[in-house]
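Participant: Attaching a single structure in structure tokens format; questions to follow.
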Amino acid sequence: MASHTAAGPLAGRGTGPDRAPGPGPAGGVPPGAALRRTAVFAALYLAATLAGRMTLIEGTTLSLVWPAAGVSALWFLAQRHARTWWPDVAAFAVCTLAANVWTGASPALAVCFAVANLAQVGAFLLLFGRLSPESWAAEGLGELVRVRQLWRLLQAAAGATLCGAAVVSAGMWLIGAQVSWLGTSVWIARNIVSIVLIGGVGLRLAALFRVHPLRPGPGSAWSAARDTLRTAPRWRKAEYAALVLASATAYVVAFGLNHGLPLAFPLLVVTVWAGLRFNTTFVVLHDLLVGATAILFTLYGHGPFATIGSPPVRAFVAQAFVAMVAVVGLALALGRDERDALLRQLAAAEESASAQAGLLATIVDAMHDGLVVIDSAGRFLMRNRAAADLLDDLGPPDAPAPGTADAAAPGTAGVDVGHFGLFHPDGTLMDEAELPYRQALAGREIRAVDLLVRNRVMPEGRMFSVSATRLPTEAGDEGEAAVVVVFHDVTAERRDRDELAAFAGVVAHDLRNPLSAVDGWIDVLDETVEAVPGGAPDMAVESIARIRHASARMRNLINDLLTHSVSRAAALSPVPVDLGETVREVIATRGGDDAAAGRERRPRPRFHVGDLPRVQADPVLLRQLLDNLIGNATKYVAPGAVPEITVTAGPAEEEGWVRVEVADRGIGIPPGQHEAVFENFHRAHHTAGYTGSGLGLAICKRIVERHGGTIGARDNPGGGTRFHFTLPAAP
């Protein structure tokens, strides 16, 4: 098969890789710059074609090398963002036709070769853009900085060359020219080698010249090379010189001396040396020079390949050697670059992680709050200074002798409730399952739970606010689960709060007597006014009604304050309680309200009670909780609307807990206040004419939290509010 061509066509703009992502603007390269590139690459391609024609193997029209394949690949990579590609295609076709006709090809064969060239370049651009999009999207010619990109370049070169070979073989068959499978194989091999080797050189040099331009001056490639040589240590310069000398000596011995020994492939030793030790751009230039040396020696009948009798086989083996040199050298150099880059990234990440860990450790140790990390076995994996002071003073459980292994590791025997003296705020000893970290391990979020600590270090007892959160673990992680626990002393705060609550309770209780007296005198005044002959003045009747209304508001406020005090301070006595029976009792108790509603011609509430389970709760506090929620549901409705309340329950997400919902069709909660309504004295509708102290939902929250549950509110689809809370299920 003849060897007048070696590259392929540009895939037209808008057809394939030209639309692959790239850095160029929508308009592409300006026309003036594109035409200058076209002229430069056309000259280089023509020179490469003539150089290839000078390597004809005796007795054939087959060229031993074809550098034009690599030049054509670089040509159209450089022009892939040009606004128009017709000048490049025209110049490429003219150069191909001229070179083939001038070297003796017939016009028909020259046209066949030109079409094959266009097909090969088009296939290369298409494959290169799809296989290596990051290189395609890079500036200039592209990039070659990873081993993966080398394999993609090799795949694109192989696919494009096979496409070009198929086109030229079909064309030669159509015009009656002889087609040789061995010649086709040599044609494919040398074009692949040319694209990979010359393309690799072009990609590396283009990247270098983007940083260090060729023009003279500071920052140029020449000044950068000079600075590198000046600053390089002597041993490094000696190693460069040793590689050059060893390479020249090895190739002269292997190819220049007619000793008949197969010494070609052992020459890969110098390629491996270069790939492992030197800059990648230097390595690809080294591969190009030693490959050209091997080809020139073979062309002039020297070296181990020249002894092969069949010219096509000789050319194929020589190309295989050059391909091996190029791929091995580039793969080693690029792999080393990637490894070095990863090591630098790893070192930077380790340094950053170390700095962040040091900062975090400093912050944690500076905290006044105690912080510990506990695993599922109760071992303290980490603790800050505040926590260590408490734990070290107390010592490990069972008080082992000082200096023993257990004495050096407080808490390694687990969280001993009796040893650490952990109690509920009401003074009852905590069970192991009730510990905040145990509840966090079970998936619950523990926030600001009060815990009484009374032990030999703190015999008077101290109150701590404890929060616990389970640390996230990856799916499938075989490591033990762990919990971070944060606690701080709130003894003084709780004492002040309890004293204030007790004071409020006493005051509220003492105010009942004078309030009862006020109510009695209001009744007397009302009877006296009614007995006035001719009827009482309207102003007097209205004043009495206002006094009675104010007295009722005062009584409700006093009752709420007393309930709030009881909900905080009363001892908790949880027992199994029938939730459904409690709800029905609350509804029945409000029968008086229903009668009053009938007298005042207000709609009576409608209740829907689902199948409710038994729960473990304090009966008095549970009744107060339900009474507040159901009372709010019947009160906060639009004028004239029928209150409709639905009470349902079901298993909570956490095993062993019940989720209860109280839904209504009332006026709802204003946006953004669904959490604020549970704060003390917060009234969501304080301007809408609804009476209340703002303590009802705060009492509900306190009752639920004292049982270890959670409470919340959300909008009810279709209107109204849906309150939900959790309580322990009865055993």
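The values are calculated or read from the model by the stated rules, or taken from the named source; none is laboratory data. Only a predicted model underlies this, so the values are computations on that prediction, with no experimental measurement involved. Ideal geometry is used to build each Cβ from the backbone, glycine not excepted, and the neighbour counts take in all protein chains shown. With ligands, DNA and RNA removed, areas are computed over all heavy atoms of the protein, side chains included. Shrake-Rupley method; radii C 1.70, N 1.55, O 1.52, S 1.80 Å.
Participant: Whole-Hz ³J(HN,Hα) for each residue in region 112-117, computed from phi via Karplus 6.51 cos²θ - 1.76 cosθ + 1.60 with θ = phi - 60°, x for glycine and proline: what do you get?
Facilitator: 4, 5, 5, 5, 4, 4
Participant: Using 0.36 nm times the number of residues separating Arg130 and Thr589, minus their current alpha carbon distance, what extension gain do you get?
Facilitator: 157.5 nm is the gain from fully extending Arg130 to Thr589.
Participant: Would you mind working out the magnitude of the charge dipole of region 246-379 relative to its Cα centre, with +1 at each Lys and Arg C-beta and -1 at each Asp and Glu C-beta, to the nearest 20 Debye?
Facilitator: It works out to roughly 780 debye.
Participant: Oh, and also: Quantify, in whole percent, the carbon and sulfur part of the accessible surface of region 67-119 (1.4 Å probe; protein heavy atoms only).
Facilitator: Ligands and nucleic acids excluded, carbon and sulfur give 80 percent.
Participant: Please give the contour-minus-distance gain from Val253 to Asp523: 0.36 nm per residue of separation, less the Cα-Cα distance, rounded to one decimal in nm.
Facilitator: Residue separation times 0.36 nm, minus the Cα-Cα distance, leaves 84.3 nm.
Participant: Continuing with this model, one more query. Which percent of the accessible heavy-atom area of region 134-248 goes to carbon and sulfur, probe 1.4 angstrom?
Facilitator: That fraction is 68 percent.
Participant: Taking 22 Å as R0, compute the FRET efficiency from the Cβ-Cβ separation of Val40 and Phe282 and round it to 0.05.
Facilitator: So, using R0 = 22 Å, E works out to roughly 0.35.
Participant: For region 131-257, rounded, prolate or oblate, judged on the Cα gyration tensor with a ≥ b ≥ c (square roots of eigenvalues), a/c < 1.5 rounded, else prolate if a/b > b/c?
Facilitator: Taking the square roots of the gyration eigenvalues as a ≥ b ≥ c, region 131-257 is oblate.
Participant: Long-range amide H contacts for Asn716: which residues qualify at under 5 Å (H placed 1.01 Å from N, peptide plane, sequence gap of 5 or more or a different chain)?
Facilitator: Thr721, Arg722
Participant: Also, I was wondering about something else. How big is the Rg/Rh ratio for region 137-183, C-alpha atoms only, Rh by Kirkwood, two decimals?
Facilitator: Over the Cα atoms of region 137-183, Rg/Rh equals 1.22.
Participant: Within the accessible area of region 278-321, what % is carbon and sulfur when the probe is 1.4 Å and the other protein chains stay in place?
Facilitator: Summing carbon and sulfur atoms, their accessible area is 75 percent of the total for region 278-321.
Participant: Then there's this: Residue separation times 0.36 nm, minus the C-alpha to C-alpha distance between Ala676 and Leu471: what's the value?
Facilitator: Residue separation times 0.36 nm, minus the Cα-Cα distance, leaves 71.0 nm.
Participant: From the C-alpha coordinates alone, can you work out the Kirkwood hydrodynamic radius of region 268-365, in Å?
Facilitator: Result for region 268-365 stands at 16.4 Å.
Participant: Residue-wise, which Karplus ³J(HN,Hα) couplings in Hz belong to region 461-466, taking 6.51 cos²θ - 1.76 cosθ + 1.60, θ = phi - 60°, and x for glycine or proline?
Facilitator: Working through the residues one at a time gives x, 10, 9, 10, 9, 10 Hz.
Participant: Can you run phi through the Karplus equation (6.51, -1.76, 1.60; θ = phi - 60°) for region 302-310 and list ³J(HN,Hα) in whole Hz, with x for Gly and Pro?
Facilitator: Running phi through 6.51 cos²θ - 1.76 cosθ + 1.60 with θ = phi - 60° gives 10, x, x, 6, 5, 7, 6, x, 7 Hz.
Participant: Would you please give the residues with an amide H less than 5 Å from that of Val466, counting only those at least 5 places away or on a separate chain, with H modeled from the backbone geometry?
Facilitator: Result for Val466 returns Ala448, Val449, Asp450, Leu451.
Participant: In region 341-387, what is the volume of the convex hull around the alpha carbon atoms, normalised per residue and reported in Å³?
Facilitator: About 76 Å³ per residue, rounded to a whole number.
Participant: Roughly how many Å is it from the Cα centre of region 317-373 to that of region 415-446, as a whole number?
Facilitator: The distance from the Cα centre of region 317-373 to that of region 415-446 comes to 44 Å.
Participant: Something else: Return the FRET efficiency for the residue pair Tyr240, Leu346: r is the Cβ-Cβ distance, R0 is 25 Å, and the value is rounded to the nearest 0.05.
Facilitator: 0.30
Participant: I've got another one for you. Can you give the FRET efficiency for Ser354 and Val179, using 1/(1 + (r/R0)^6), R0 = 60 Å, r = Cβ-Cβ distance, to the nearest 0.05?
Facilitator: The calculated FRET efficiency here is 0.35.
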